[in-house]
Amino acid sequence: MKGLLINNFYSSIGNIKLFLTIVLAVAAIVLVTGNPTAQELFVYITITALSINAVVSSRKDAISNWNKFEITMPVRRTDIIKSKYLSYIFWLGVGTGLALAVTMVTMLVHGIGNDIYSMFALGIGISLFVGALFFPIAYLVGTDKSETVLIISVLVAITLAVLILNVLNQFISYFIVRMAAFITIYILFFAFSYVITLRIYAKKEL
Amino acid sequence: MGKYALEVEGLTKKYKDFVLKEISFRVPRGSIVGLIGENGAGKSTAINAILGIIQKDAGEISILGKQEQEMDCSIRNEIGVVFDGNNFSDALSPEKLNHVFKNTYTTWDESRYFDLLKQLSLPRNKKIKDFSKGMRMKLSVIVALSHNSKLLILDEATSGLDPIVRDDILDMFLDFVQDENNSILVSSHITSDLEKVADYIVFIHNGKVVFNKSKDDLKYKYGIMRCGAAQFDSLDKKDMIVYRKRDYEWDVLVADKSSAQKKYPKAMIDAATIDEIMLLYIKGEK
């Protein structure tokens, strides 16, 4: 399992330059202007982009035959899926940390801006929804089609996260309870996705 | 420790347009078994089913003396696998690959891995995406040989390689089976490679095993009788395995060329290459 995580890490790090260039360019704009809209966008882009970086390597693995080879190694199929989800959470954490650091500096320089909790809850929510949708669909239709699956996952995830947040706004007036409900929903969704992907992959023929 | 490194019995896999039908063969310890057949004959399907990449519909597979129900994933420490083309993530270098496998195979032998890289002149820090096909295949074979494998399973490992790289790889196979506990199952449609190294040949055609023979039998006992129409008509049908009509002559495959020569002293009987035998089976008649 450790070997799988290391492979996922090395595989993802190959794409990170492109994602970091985009993220750092937006970070510079946010830090210079202190614009609240730019700051909000930066949080969403950073968290989502870095976690998406983890799934981009799935396509590379399919092209390079690695996804076939790894089944022949002394690892269980469960470990392969677990490593994919853990790598996703790792890059989500890196993205969140980076977004938090830039947001803190912006707040120090330009004063208190946006509602930081909502921003991060929505950013992490969208990102977890993307992962939760991507993995089972990609393994169902084939990881070689992961680019199309990724685009669909991002679009559906944004719609779903905004929709759920709006519904919660209607029924729950307390902010903290609303955020707790939102966080619980997307964690459950991600966990459910993991179980589904395990089932799909258990009988997957490559 | 059993006599066989791999036993396949009645392996069946059904697809909409292809069926691998109850194939059976064995890989004795200390031997190289070549799986031959044209493209699409079922060689890769058989190998994928043995490795658990696809699910079989029927049959029994025993690897290194363990039946499927007794196998856990730790047995894969002892199985080295090489697929045609690339096997690893392109973004990695052999150095990084070492970190991956060091943390995957409990039997990983780091010093052997680096020794083999050096021996075959592969760079440690170059990304695999910049490797030629030959370098990729060498790397795959090196990995398969670096975790104390007892059984190598190779699917078209030498196809598309130049003769020099192929020769290097075949030498590594021969070196590997010097230890009589080690065995190799190698599929290839390049029969000349298998003629050099294999001890047994399993020929698959249309998803069925056509023959399973020792290479020496095929090479030294089998023969192709070249005869005209009159001579062909006089042949005893029992002596023919398969035959094929060419422009003005008939090629007849016989199982024992010396006894055929005694029986038909005027017939011209040549030694048969595996390629010719395979072609006769595919294109000939019974």
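The values are calculated or read from the model by the stated rules, or taken from the named source; none is laboratory data. Because the structure is predicted, anything quoted here is derived from the model rather than measured. With ideal geometry, Cβ positions are generated from the backbone for all residues, glycine too; neighbour counts draw on all protein chains shown.
Answer yes or no as to whether A:Phe135 is closer than 16 Å to A:Ala54 by Cα, away from chain B (no Cβ under 14 Å) and crowded, with 18+ Cβ neighbours inside 10 Å. For A:Phe135, the condition - closer than 16 Å to A:Ala54 by Cα, away from chain B (no Cβ under 14 Å) and crowded, with 18+ Cβ neighbours inside 10 Å - is met. For the stretch B:25-75, which positions are more than 12 Å from the chain's Cα centre (by Cα) and among the polar types (S, T, N, Q)? Once the filter is applied, which keeps residues that are more than 12 Å from the chain's Cα centre (by Cα) and among the polar types (S, T, N, Q), the stretch B:25-75 yields B:Asn39, B:Thr45, B:Asn48, B:Gln55, B:Ser62, B:Gln67, B:Gln69, B:Ser74.
Checked against (1) within 27 Å of A:Asp61 (Cβ to Cβ); (2) hydroxyl-bearing (Ser, Thr, Tyr); (3) under 21 Å from the mean Cα position of the chain (by Cα), B:Thr12 meets all criteria but (1). Restricted to the stretch A:60-90, and to residues there that are within 11 Å of chain B (Cβ to nearest Cβ) and of a type in the set (D, E, K, R), the residue that is surrounded by the fewest Cβ atoms within 10 Å (Cβ to Cβ) is A:Arg76. Among the residues in the stretch B:239-257, are any loosely packed, with under 13 Cβ neighbours inside 10 Å, in contact (Cβ under 8 Å) with a residue 24 or more places away in the chain, outside the structural domain of B:His189 (by TED's automatic domain parsing) and in contact with a helix residue (DSSP H, G or I) (Cβ under 8 Å, 6 or more places away or on another chain)? Scanning the stretch B:239-257, I find no residue that is loosely packed, with under 13 Cβ neighbours inside 10 Å, in contact (Cβ under 8 Å) with a residue 24 or more places away in the chain, outside the structural domain of B:His189 (by TED's automatic domain parsing) and in contact with a helix residue (DSSP H, G or I) (Cβ under 8 Å, 6 or more places away or on another chain), so the answer is no. Pairs are defined by a Cβ separation below 6 Å, a sequence spacing of at least 6 or placement on different chains, a first member in the stretch B:118-129 that is within 14 Å of chain A (Cβ to nearest Cβ), and a second member that is assigned to a helix (DSSP H, G or I); the pairs so defined are B:Asn125/B:Glu95.
Looking only at residues of the stretch B:73-91 that are farther than 20 Å from A:Ile6 by Cα and part of a loop (DSSP other than H, G, I, E, B), we find that the one that is modelled with the lowest pLDDT is B:Gly85. Please work out which one of (1) free of Cβ contacts under 8 Å to residues at least 40 places away in the same chain; (2) of a type in the set (A, V, I, L, M, F, W, C); (3) not in a helix (DSSP H, G or I) is the condition A:Leu206 fails and give its number. With (1) free of Cβ contacts under 8 Å to residues at least 40 places away in the same chain; (2) of a type in the set (A, V, I, L, M, F, W, C); (3) not in a helix (DSSP H, G or I) applied to A:Leu206, the lone miss is (1).
Figure legend. Inter-residue proximity from the stretch B:169-197: first residues without any contact (Cβ under 8 Å) to a residue 60 or more places away in the chain, second residues among the charged types (D, E, K, R) and surrounded by fewer than 18 Cβ atoms within 10 Å (Cβ to Cβ), beta-carbon distance below 6 Å, spacing 6+ or different chains. Indicated pairs: B:Leu170/B:Lys196.
With respect to (1) within 14 Å of another protein chain (Cβ to nearest Cβ); (2) modelled with pLDDT of 90 or more; (3) in contact with a helix residue (DSSP H, G or I) (Cβ under 8 Å, 6 or more places away or on another chain); (4) surrounded by 15 or more Cβ atoms within 10 Å (Cβ to Cβ), the lone exception for B:Leu35 is condition (1).
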